Amino acid sequence: MNWLKYMFLLLLCFASGFAQNLNERTIHLKSGELITGQIVSVDSLRGDIEMLTHYGSITIKGEDILKEIITIILNSGDKLRGEIVYEDGQKIHLQTQYGMLFIEKRDIGSIDFGLRMDNESVSSLNEKYTMGSEQQVDVFYDPTGYTLGKGTLYVSGLSWGFGITDKFQMTSKWSGYFTGDFNVRPKFQILRIGNLEKQHLVAVGGHFHTRYAPDKYEWQQSKYPFEVGQYDWSRTESWVSQGDSIDLYHGQFVRIGSDVKIGEGNRRYDSQSKFVTDGWLEETGWHYANYYEVFAVYTYTKAREGNSGRISHSFGAYLSKFEDYNKLMYRLYYAGAVDIKKNLIFNYELFYDPWYIEWWKRSDFIFNGEDLELSVAKPDKEYTSPLHFDIGFIYSFSDWLRVGLHFQPYIAGIYLKF
């Protein structure tokens, strides 16, 4: 339990450590050199810059500097290109070839950075960006306040989704179609305020299944009477009963809707070998039924200092109901996302879910070799923390191909976005 808290605090410190001094700038020179420091003064006539670096104060001639050109993509879809003359918390003054423009930051969707070369062409400046290649609508499997853009389609190894409007999306687990599960997961963004530097988003939605076995578990414990005896293979009737019985126990975490039962026939316990010779446990298998969940999530996203992407924090909650389970279930979570590079996102999550069991403790997990065992001793319910943690990465190979890796099942993922 304590290690989980320490790890979470460590990762929060790690995420916050991505910030850098807002007053520092990196100057690109025509010689290919890069100089980072705080700007002390600028000569408005010659363009010379005096900088205070970590290794001393220097002056850079304006004629040696490559001009930084930005392309502003507005929320309306319009694109504007030019040089930033002045910037504050509300506006950007942009010098374009058509004159000076004054742009409200709340109207800006993203900014791309580039350098004007000697031949007047503009090369991309990939180390500076306001938006990464991905605005995550989910962190792992939990929703954020973002929705897919209008007309955007994604397909993954388990699901698909489509942006019907810029604020409403519909997704579905196509993998469930093979078991007859018709399911839809609508999400509606009900609030989006702020500007390019800070934004607040709220979304609500649900996931509705007609034939589903949820990834939820509960402790099941049973007691079965067994006949006590021994096998004597020299006799025609090899089983010799001692005229006594013994109670054997089973206890394990089982997926809700499933059940563990003992098979039909004799129940025999060999007192000499201390082994069950007849009478075996069997799990009834996943039980499919209607399953409903609703969720709400708040996301706060902030631009990292120095135009190096964003940090996002999402706080959400679920309520869910399985048709053949008499309890209302819930889940609370906090999920974080940090742009490490324009095409690489670091994710982490802490969630509280009393019905979630780590994969190595589940009865139906492929590598669990100790399931469905009977014991003479009455088993104690193993303590399992309702707090769980996940950590991973999303990498964009291109505008349409992404891959992900994280700790909790399912460990690896791939999806296409068009």
- line: Of Leu158, Leu115, the only residue that is of a type outside the set (Lys, Arg), surrounded by fewer than 18 Cβ atoms within 10 Å (Cβ to Cβ) and in contact with a His (Cβ under 9 Å, 6 or more places away or on another chain) is Leu115
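With Leu281, Leu328 as the choices, which residue is over 30 Å from Leu374 (Cβ atoms) and not β-branched (Val, Ile, Thr)?
On the way: Leu281 fails: over 30 Å from Leu374 (Cβ atoms).
Exactly one of Leu281, Leu328 is over 30 Å from Leu374 (Cβ atoms) and not β-branched (Val, Ile, Thr), namely Leu328.
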- prompt: What strands (runs of 3 or more DSSP E), lying completely within the range 247-313, carry at least 3 residues that are closer than 27 Å to Tyr212 by Cα?
  reply: 260-262, 281-283, 289-303
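State which residue is nearest to Tyr141 (Cα to Cα) when the search covers only the range 386-418 and only residues that are in a strand (DSSP E or B) and of a type in the set (Ser, Thr, Tyr).
As a first pass, look at the range 386-418 and keep what is in a strand (DSSP E or B): 387-396, 401-406, 412-417.
Then keep just the ones that are of a type in the set (Ser, Thr, Tyr); that gives 395-396, 415.
Details: Tyr395: 16, Ser396: 18, Tyr415: 13 Å.
The residue in question is Tyr415.
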- prompt: What tally of residues in the range 22-69 results from selecting those that are outside any strand (DSSP E or B) and touching a residue at least 12 places away in the same chain (Cβ under 8 Å)?
  reply: 14
message: Residues that are under 24 Å from Trp359 (Cβ atoms), within 24 Å of the chain's Cα centre (by Cα) and in contact (Cβ under 8 Å) with a residue 60 or more places away in the chain, at least 3 per element: which strands (runs of 3 or more DSSP E) completely within the range 144-239 meet that?
response: 198-212
task: Identify the residue in the range 60-109 that is farther than 26 Å from Lys167 by Cβ and β-branched (Val, Ile, Thr) and, among all such residues, is modelled with the lowest pLDDT.
output: Val85
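Among what's in the range 88-110 and is part of a strand (DSSP E or B) and more than 34 Å from the chain's Cα centre (by Cα), pick the residue that is surrounded by the most Cβ atoms within 10 Å (Cβ to Cβ). Explain how you work it out, then say what you get.
Narrowing the range 88-110 to residues part of a strand (DSSP E or B): 91-96, 99-104, 108-110.
Going one step further and asking which of them are more than 34 Å from the chain's Cα centre (by Cα), we end up with 93-96, 99-102.
Values: His93: 15, Leu94: 20, Gln95: 13, Thr96: 12, Gly99: 8, Met100: 11, Leu101: 15, Phe102: 10.
It comes out as Leu94.
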message: Restricting to the range 123-175, name every residue that is charged (D, E, K, R) and at pLDDT 90 or above.
response: Asp138, Asp142, Lys150, Asp166, Lys167, Lys173
- request: Starting from residues that are at pLDDT 90 or above and among the β-branched types (Val, Ile, Thr), keep the ones in the range 358-396 and report whichever is farthest from Trp219 (Cα to Cα).
  value: Ile394
- prompt: Do any residues in the range 260-277 that are within 23 Å of Trp233 (Cβ to Cβ) have Cβ atoms under 7 Å from those of residues that are at pLDDT 80 or above and not in a strand (DSSP E or B), where the two are at least six apart or on different chains, and which pairs are they?
  reply: Val276/Leu374
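Going by what's in this entry, would Tyr348 be described as over 16 Å from Asp215 (Cβ atoms), modelled with pLDDT of 90 or more, in contact with a helix residue (DSSP H, G or I) (Cβ under 6 Å, 6 or more places away or on another chain) and not in a loop (DSSP other than H, G, I, E, B)?
Working: over 16 Å from Asp215 (Cβ atoms): yes; modelled with pLDDT of 90 or more: yes; in contact with a helix residue (DSSP H, G or I) (Cβ under 6 Å, 6 or more places away or on another chain): yes; not in a loop (DSSP other than H, G, I, E, B): yes.
So Tyr348 passes the test.
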- prompt: Any idea how many residues of the range 72-87 are among the β-branched types (Val, Ile, Thr), farther than 17 Å from Met131 by Cα and surrounded by 13 or more Cβ atoms within 10 Å (Cβ to Cβ)?
  reply: 1
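The values are calculated or read from the model by the stated rules, or taken from the named source; none is laboratory data. Just so you know, these numbers come straight off a predicted model, no measurement behind them. Reconstructed Cβ throughout: ideal geometry from the backbone, glycine too, with neighbour counts over all protein chains shown.
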